[in-house]
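Read the figures in this text as sums done on the coordinates, not as results from a lab. None of the values given here were measured: they were computed from a predicted structure. Neighbour counts are summed over all protein chains in view; Cβ atoms, including those assigned to glycine, are modelled from backbone coordinates with ideal geometry.
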């Protein structure tokens with residue numbers, strides 16, 4: 001994908017009924033095992049539930065590079081700013097490009113275990129401009145748990161959400177429940193006001 005070319009999706013993904021009422025909830029936990037295609041649809045629905053409703057998207061990914069993040073986001077028309085933070089190779093330390101009316105900012109945090117730096121990068125991205133509603137995706141808590149223990153991830157979400165809650169921001173976080181023991185999933189679940197779980201067939205259900 002060229003640096004100055006952002007993806008333009010065709011027909012918009014139809015959000016699952018289970019997401020009704022969650023597009024303004026924050027934070028939301030998305031529980032999905034690896035390889036479920038519908039996870040991308042759920043992510044897009046939470047990031048941009050209606051055309052032109054969201055002005056800015058911030059995504060922190062420890063599993064995808066910049067191109068992968070943009071492909072998951074899909075339709076970018078109407079967005080004024082996309083800020084991608086990744087630990088993957090290939091992203092510049094900080095770079096800004098423009099496609100149409102959308103500014104794309106890419107940033108690399110090379111050490112995924114540096115939680116203070118990751119949290120600060122997201123916080124700064126959210127407050128960098130004052131251009132309306134910001135939607136944030138953290139992908140994923142499972143990846144973070146490969147580098148740090150459960151207690152540090154718990155604190156990371158807690159501190160980050162305290163910062164995001166003071167701004168016009170809606171956030172969701174991804175977690176693969178099959179990769180962790182039940183205690184880890186239940187402990188992290190306590191941090192979220194709402195959660196959805198995807199079945200292997202791609203069905204989406206609310207988790208109480």
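From the gyration tensor of the Cα coordinates in the stretch 17-207, what semi-axes in whole Å does the equivalent ellipsoid have, largest first, with each one equal to sqrt(5λ)?
On the way: eigenvalues 109, 76, 50 Å².
They are 23, 19, 16 Å, listed from largest to smallest.
Antiparallel beta bridges, as assigned by DSSP with both residues in the stretch 56-208, represent about 30 percent of the total such bridges.
May I ask you to compute the full-extension gain from residue 111 to residue 159, defined as 0.36 nm times their residue separation minus their alpha-carbon distance, rounded to one decimal in nm?
15.4 nm is the gain from fully extending residue 111 to residue 159.
Here the spin labels are modelled as points 7 Å beyond Cα on the Cα-Cβ line, and at residue 20 and residue 133 they lie 1.8 nm apart. Checking the a/c ratio against 1.5 first, then a/b against b/c, what shape does the Cα gyration tensor give for the stretch 163-207? Cα axes put the stretch 163-207 in the oblate bin.
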